[in-house]
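Each value in this text was obtained by applying a stated rule to the coordinates, not by laboratory testing. Model, not experiment: these values are computed from the prediction. Heads up, the Cβs are rebuilt from the backbone with ideal geometry, glycines too, and the neighbour counts pull from every protein chain shown.
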Amino acid sequence: MNRNIPPVVKNLLYINIIMFLATWLLPGILARWNISLDLFDVLGMHYFASSKFNPVQIVTYMFMHAPFPNITHIFFNMFALYMFGPILEYVWGSRKFLIYYLVTGIGAGLVQQLFWYVDLGGMFSAMNTAISSGSTEVLIPFMDKLTRFYRFSGDISMITSADILMMKNEIQNALLTVGASGSIFGILLAFGWLFPEEKLFLLFIPIPIKARYFVVGYAVLELFMGVANFSGDSVAHFAHLGGMLFGIVLILMWRKKGRLYDRQ
């Protein structure tokens, strides 16, 4: 890899690529010895109420990406890291850049957890009530959410408490997010903040656009997509916004202390 890439960006690229290859190749290798390993289950970030959740996943999830043959997820994240990360590391220094990368990634994960709770917490509470009471009437207001995960035929009152418990566990275990996108959106935010007049040339926009307008426009798009919550959209839009939000908080803290441009 190009030796002009600063060390933290270079090592982040290495780690993400190695983990992508591991999720693709390691399960097949271990299967020869009858060992089953799903790295997404272990290292991807599950909903905090899931039996599969582990607090370390709030860090490890950002080094995982959608599995092969889907290469667009890791490609665009690593391309953005390669394009925008080095200049921030040169400005801030390696230690400060790494802190920023990790804080925005962890922050993105926390915001995603909050989104899941706000979006589905009421449904899970109703499911707990239905399990304990044996009545499915409390589920009726949440049928639009339940049908995201299950198709129901017949009368919902025929569903047993055991069925509801199984559905709740399956839904909670299915809530999973992976990827460095939260940190990448934090990096985009920082680039737009530090270099607002810098002009970017993007493939899908035929004219140059100033960094600050690009960042604001991208944030508005993510907010719209997150609120709209289109059916079939598996992108963690609020995690992306969370990366930006924590980036803003960290930058404002550094600026208040007069350390925004200090190298560490």
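Take Ile99, project a point 7 Å from its Cα along the Cβ direction, then tell me which residues of the stretch 66-93 have their backbone nitrogen under 12 Å from it.
Within reach of a label on Ile99, which here means backbone N under 12 Å from a point 7 Å along Cα→Cβ, the stretch 66-93 contributes 92-93.
Rounded to the nearest 0.05, what FRET efficiency do Gln264 and Glu137 have when you use their Cβ-Cβ distance and R0 = 51 Å? Can you show the working numbers first?
On the way: r = 58 Å, r/R0 = 1.14.
The value I calculate is 0.30.
Beyond 19 Å, how much of the Cα-Cα pair distribution for the stretch 1-152 remains, as a whole percent? Show your work: numbers first, answer last.
Numbers: 7577 of 11476 pairs.
Roughly 66 percent, rounded to a whole number.
Can you tell me, using C-alpha contacts under 8 Å and at least 6 residues apart, the relative contact order of the stretch 47-176 as a whole percent? Walk me through the intermediate numbers first.
Details: 65 pairs, mean separation 42.3, N = 130.
After rounding, I find 33 percent.
For the residues Trp193, Trp33, Trp24, Trp92, what sequence is obtained by ranking on other C-beta atoms within 10 Å, fewest first?
Ascending number of Cβ neighbours within 10 Å: Trp33, Trp24, Trp193, Trp92.
Report the longest stretch of the chain that contains none of the trypsin sites (Lys or Arg not before Pro) sitting in a DSSP loop with at most 10 other Cβ atoms within 10 Å. Write out the running numbers ahead of the final one.
Details: sites that count: Arg3, Arg32, Arg151, Lys257.
By the stated rule (loop sites, at most 10 other Cβ atoms within 10 Å), 33-150.
How are the alpha carbon pair distances in the stretch 61-101 distributed across 5 Å bins from zero to the largest one, expressed in percent?
In whole percents, the pair-distance histogram is 6, 21, 23, 21, 15, 9, 4, 0.
Under a 5 Å amide H to amide H cut-off, with H placed in plane at 1.01 Å, what residues pair with Leu200 once short-range neighbours are removed?
Ile209, Lys210, Ala211
Modelled label-to-label distance, Ile35 and Met158, 7 Å Cα→beta-carbon offset: nm?
Placing both labels 7 Å along Cα→Cβ, they lie 4.6 nm apart.
Could you derive backbone 3J(HN,Hα) for the stretch 29-39 from the dihedral phi with the Karplus parameters 6.51, -1.76 and 1.60 (θ = phi - 60°), listing whole Hz in sequence and x where the residue is Gly or Pro?
Going residue by residue, I get 5, 5, 4, 5, 9, 6, 9, 9, 9, 10, 5 Hz, with x marking Gly and Pro.
Where does the chain land on Rg(C-alpha)/(2.2 N^0.38 Å)?
On the way: Rg = 21.1 Å, N = 264, 2.2 N^0.38 = 18.3 Å.
Ratio of Cα Rg to 2.2 N^0.38 Å: 1.15.
As a quick test, which of the pairs Lys96/Lys256; Lys10/Lys96; Lys52/Lys145; Lys10/Lys52 have an alpha carbon distance above 26 angstrom in this structure?
Values: Lys96/Lys256 16 Å; Lys10/Lys96 15 Å; Lys52/Lys145 22 Å; Lys10/Lys52 31 Å.
Over 26 Å apart, Cα to Cα: Lys10/Lys52.
Regarding the stretch 1-80, what are the three Cα extents along the principal axes, ordered largest first, in Å?
42, 33, 21
Could you please rank Asp38, Asp144, placing first whichever residue has the fewest other Cβ atoms within 10 Å of its Cβ?
Values: Asp38 11, Asp144 8.
Listing Asp38, Asp144 from fewest to most nearby Cβ atoms yields Asp144, Asp38.
In which sequence would Glu170, Glu89 go, from the one with the fewest C-beta neighbours within 10 Å to the one with the most?
Details: Glu170 12, Glu89 25.
With the fewest neighbours first, Glu170, Glu89 line up as Glu170, Glu89.
About the Cα centre of the chain, what is the dipole size in debye to 20, counting +1 per Lys and Arg Cβ and -1 per Asp and Glu Cβ, all else neutral? Present the calculation step by step, with values, prior to reporting the outcome.
Numbers: 18 positive and 14 negative charges, 243 e Å.
Rounded to the nearest 20 debye, it is 1160 debye.
May I have the convex hull volume per residue, in Å³, for the Cα set of the stretch 147-197? Kindly include the intermediate steps, with their values, before the conclusion.
On the way: hull volume 6.0 nm³, N = 51.
Cα convex hull per residue, to the nearest whole number: 117 Å³.
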